[in-house]
Structures are given as C-alpha cells and as structure tokens.
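Each remark here refers to the structure printed beneath this line.
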Amino acid sequence: MRVAISGGSGFLGSHLCEELLRRGDTVYCLDNFSSGSKANIARLLDLPGFRCVPCDVTERFRFSATVDAVAHLASPASPADYHRHPLETLAVGSRGTENMLRLAESQEARFVLASTSEVYGDPAVHPQNEDYWGHVNPIGPRSVYDEAKRFAEALSMAYRRSRGVDVGIVRIFNTYGPHMRPHDGRVISSFIRQALDEEPLTIFGDGSQTRSFCYVDDLVRGLVAMLDSADPGPINLGNPEEHTVREVAELVTGITGSRGELRHLPLPVDDPVRRRPVITRAREALGWQPRVPLEEGLRHTVDWFVAEARAHARNPEEAVAAGSA
Ligand SMILES: NC(=O)c1ccc[n+]([C@@H]2O[C@H](COP(=O)([O-])OP(=O)(O)OC[C@H]3O[C@@H](n4cnc5c(N)ncnc54)[C@H](O)[C@@H]3O)[C@@H](O)[C@H]2O)c1
C-alpha cells in the first residue's frame with residue numbers, strides 16, 4: 001500500500017511508519033514537527049519507500065502523490081502539549097481532520113482516524129465499550145483535546161455517510177514505549193525520566209487512579225489491522241489490564257533500581273479516575289489483542305531511555321535537536 005500518515009514523526013506515528021515500511025509499503029510522513037521529532041524518523045529517511053513531507057495539516061498543503069490509505073495521527077496528545085497549544089489542538093482536530101478526509105476522498109483511499117479514550121472523559125461506566133457516549137466537560141481545560149477528538153469522530157462519520165469515504169475510527173488508550181519524549185508529561189515517560197535522574201516520582205492524588213497501558217508494538221499492530229480492514233469502528237485499542245498509577249511507579253522503581261521516593265501533587269482538574277477498554281470489538285473485527293505484559297514493555301522502554309541518554313551524552317547537539325523538536 002501507499003500510505004499518508006499525518007503526525008508520522010511523533011511517538012506512535014514513527015512506529016507506524018516503520019512497521020508499514022517493514023512490510024514493503026510506501027509511506028508519506030506529513031508533519032509540522034510541533035511535538036514530533038526528526039530524530040524519530042532519522043533512521044527511515046534513507047529508505048526507498050519513505051518520504052518526509054513537512055507541512056501543517058491545518059493549512060493548505062501541497063501533496064500530489066497517489067495513496068491507498070490515510071492515517072490521521074496529527075494532534076498534540078499529551079496534556080502538557082495540548083494545554084500549551086489549545087487552539088492548535090482544536091484546529092488539528094477540526095480543520096486538520098477535514099483536510100486529511102478530503103485527501104482520502106479525492107483518492108478514494110481508506111481513512112483511519114486516531115481518536116482517543118479521552119472521548120469517554122471521566123467515565124461514568126466502567127470498563128468502557130464503544131457504545132458508551134462519554135462523560136466530558138465541554139469547557140474544562142482538557143476539553144480542547146477531548147472535544148477536538150469528538151468533533152473529529154463526528155466529522156469522519158459525516159464524510160463516511162454523506163461522501164462515501166471509507167472511514168475507520170480507532171479509540172486509542174494510554175500507550176507507552178520507545179520514542180516517548182522524556183518531558184512530555186505522560187505518566188510512564190515522567191516516571192522513567194525521574195527514576196533515571198534519581199528524582200522523586202511525581203504522583204497526582206494518592207495514586208489509586210487506574211489506567212490501562214498498552215505497549216506501542218501492540219498498538220501499532222492494531223493500527224495496521226484497521227488500515228487493512230474496511231470496518232468503520234469505532235474500535236477501542238488498548239490493554240484491558242488495569243493498574244493503579246502507584247503500581248506503575250513501583251514497577252518503574254524496581255526496574256530502574258531507583259530509590260523509589262514519591263512526591264504527591266494535587267489531581268489535575270477533570271482527571272479521569274478509572275480507564276479500561278473493552279476490546280471485544282477489536283478481537284472480533286480485527287483479530288487483535290495486546291501481547292506484551294506491562295513489566296516487559298516497561299523494561300524495553302527503560303532500556304531505550306537509557307540508550308538515548310547515553311547517545312545524547314556523547315552527542316549533545318543531537319540531544320538539543322530531539323529535545324526541542
Ligand atoms: N500515545 C497515546 O497514548 C495516545 C492515546 C490516545 C490517542 N492518541 C492519538 O494518537 C495520535 C498520535 O499520538 P502520539 O502519542 O504519537 O503524539 P505525538 O505528539 O508524539 O505525535 C503527534 C504528531 O502530530 C504532529 N502534528 C501535530 N499537529 C500537527 C499539524 N497541525 N500538522 C502536522 N503535524 C502535526 C506532531 O508534530 C507529532 O509528530 C494523536 O492523534 C493522539 O491523539 C495517542
């Protein structure tokens with residue numbers, strides 16, 4: 001296949017690019033490098049099937065290649081990023097999604113939207129299946145992300161119903177792994193960075209809130225299956241194993257051998273208390289389920305963070321480029 005991936009230099013996007021190239025696809029990575037990093041795609045740049053197309057997908061951009069599928073991943077995704085860039089987050093969920101839908105429509109291509117478990121908000125139903133409509137504060141600080149994704153889902157379904165675009169929606173739950181930015185403010189990257197720097201691990205609230213963490217290789221298999229399918233979704237992609245944030249802190253402490261000191265901060269506004277996907281639909285429609293247990297995935301991720309820190313210590317210029325991208 002020939003696939004255009006918006007957000008292809010980000011955490012998930014760069015893994016998706018790599019996986020598609022591995023199976024022989026041609027990949028066009030469309031990115032403005034706002035939260036993505038050139039370092040994430042550096043090893044792909046010389047591969048014959050890979051093209052990097054720097055652009056902002058909320059603007060008019062030139063893209064004349066023929067594609068069979070479009071994966072729309074562009075969006076700030078960590079709370080730190082979307083709090084810093086609220087208007088850009090709303091723009092990429094709305095205008096950006098429409099531009100990518102138009103691209104798919106013009107080429108009669110499959111369109112996959114990377115939506116999020118955040119559409120369920122602070123869920124009043126647990127665990128969450130795709131029929132649950134969510135519990136979202138439309139004007140709170142998280143709303144720029146949650147509502148942008150809800151709008152992106154509505155827009156995608158409207159293009160499917162009224163224009164016949166082959167749309168598929170996946171709702172991604174917390175995912176972790178190599179290529180996360182150490183300062184992106186997400187729980188696993190923060191814990192690993194703090195543990196390796198011998199700092200106390202920051203826990204919001206008492207740490208009893210739960211999350212379900214999916215290793216990136218598992219998640220990417222799900223994205224590829226959705227690209228290959230004609231299912232409209234929405235389909236939850238996430239690991240149904242639920243862990244408290246405190247348990248994750250203990251695992252990271254054990255793996256890194258750090259002191260395990262904790263620092264408690266107040267819970268952010270509208271922070272969801274529980275999150276766990278029902279993945280029956282993913283199993284039935286895509287034959288997908290996660291395989292990598294949390295501890296194993298955390299070990300791979302810690303190894304990657306350690307290797308990156310060593311590489312950056314040897315070449316500080318590269319560190320500046322990756323850190324600021
Ligand atoms: N990682 C997760 O746990 C998770 C969970 C749920 C949903 N998602 C969704 O998956 C997608 C990828 O998330 P991620 O974790 O890789 O985030 P990320 O921030 O690492 O990647 C997002 C990418 O989009 C690019 N981008 C942002 N705005 C753009 C624009 N206007 N034009 C072009 N490129 C733009 C960024 O530069 C970056 O490369 C996002 O849509 C996110 O909402 C991720």
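The values are calculated or read from the model by the stated rules, or taken from the named source; none is laboratory data. Computed from a predicted model, the values in this text were never measured in an experiment. Here the Cβ positions follow ideal geometry from the backbone for every residue, glycine too, while neighbour counts run over all protein chains shown. Ligands, DNA and RNA are stripped out before the accessible areas are found, and what is left, the full protein with its side chains, is counted by its heavy atoms. Shrake-Rupley method; radii C 1.70, N 1.55, O 1.52, S 1.80 Å.
Considering the conditions (1) at pLDDT below 95; (2) more than 26 Å from F305 (Cβ to Cβ); (3) not polar (S, T, N, Q), L30 is excluded by exactly one of them, (1). The set of residues in the stretch 85-99 that are closer than 18 Å to P138 by Cα and more than 9 Å from the ligand (Cβ to nearest atom) comprises P86, L87, L90, S94. Residue-level analysis places L16 outside the set of residues that are touching a helix residue (DSSP H, G or I) at 6+ places or on another chain (Cβ under 8 Å), open to solvent by 60 Å² or more (accessible area, probe 1.4 Å) and of a type outside the set (D, E). Check V167 against each of (1) within 30 Å of E250 (Cα to Cα); (2) of a type outside the set (D, E); (3) out of contact with any Asp or Glu (no Cβ under 9 Å at 6 or more places or on another chain) and name the one condition it does not meet. With (1) within 30 Å of E250 (Cα to Cα); (2) of a type outside the set (D, E); (3) out of contact with any Asp or Glu (no Cβ under 9 Å at 6 or more places or on another chain) applied to V167, the lone miss is (1). Against the criterion of being on the phi < 0 side of the Ramachandran plot, of a type in the set (G, A, S) and in a helix (DSSP H, G or I), S208 does not qualify.
Residue pairs whose Cβ atoms lie under 8 Å apart, sitting 6 or more positions apart in sequence or on different chains, and linking a residue in the stretch 56-77 that is within 12 Å of D31 (Cα to Cα) to a partner that is assigned to a loop (DSSP other than H, G, I, E, B) and of a type in the set (D, E, K, R), do not occur here.
Condition first: open to solvent by 30 Å² or more (accessible area, probe 1.4 Å) and either under 10 Å from V220 (Cβ atoms) or more than 15 Å from the ligand (Cβ to nearest atom) (or both). Now tell me which residues in the stretch 22-34 satisfy that.
Passing the criteria: R22, R23, G24, T26.
So N40 clears everything in (1) within 11 Å of the ligand (Cβ to nearest atom); (2) more than 24 Å from A309 (Cβ to Cβ); (3) surrounded by 20 or more Cβ atoms within 10 Å (Cβ to Cβ) except one condition, right? Which one? N40 satisfies all of (1) within 11 Å of the ligand (Cβ to nearest atom); (2) more than 24 Å from A309 (Cβ to Cβ); (3) surrounded by 20 or more Cβ atoms within 10 Å (Cβ to Cβ) except (2). Of the residues making up the stretch 100-140, just one is open to solvent by 60 Å² or more (accessible area, probe 1.4 Å) and within 16 Å of the ligand (Cβ to nearest atom), namely R102. Filtering the stretch 129-153 to residues that are touching a residue at least 40 places away in the same chain (Cβ under 8 Å) and within 19 Å of G238 (Cβ to Cβ) leaves N129, E130, R142, Y145, K149, A152, E153. Considering the stretch 63-84, and only residues there that are polar (S, T, N, Q) and more than 6 Å from the ligand (Cβ to nearest atom), the residue that is least open to solvent (accessible area, probe 1.4 Å) turns out to be S78.
The lone criterion from (1) more than 8 Å from the ligand (Cβ to nearest atom); (2) open to solvent by 10 Å² or more (accessible area, probe 1.4 Å); (3) closer than 24 Å to P86 by Cα; (4) touching a Lys or Arg at 6+ places or on another chain (Cβ under 8 Å) left unmet by P54 is number (4). Among the candidates S190, S156, the residue that is in contact (Cβ under 8 Å) with a residue 40 or more places away in the chain, touching a strand residue (DSSP E or B) at 6+ places or on another chain (Cβ under 9 Å), away from the ligand (no atom under 12 Å from the Cβ) and hydroxyl-bearing (S, T, Y) is uniquely S156.
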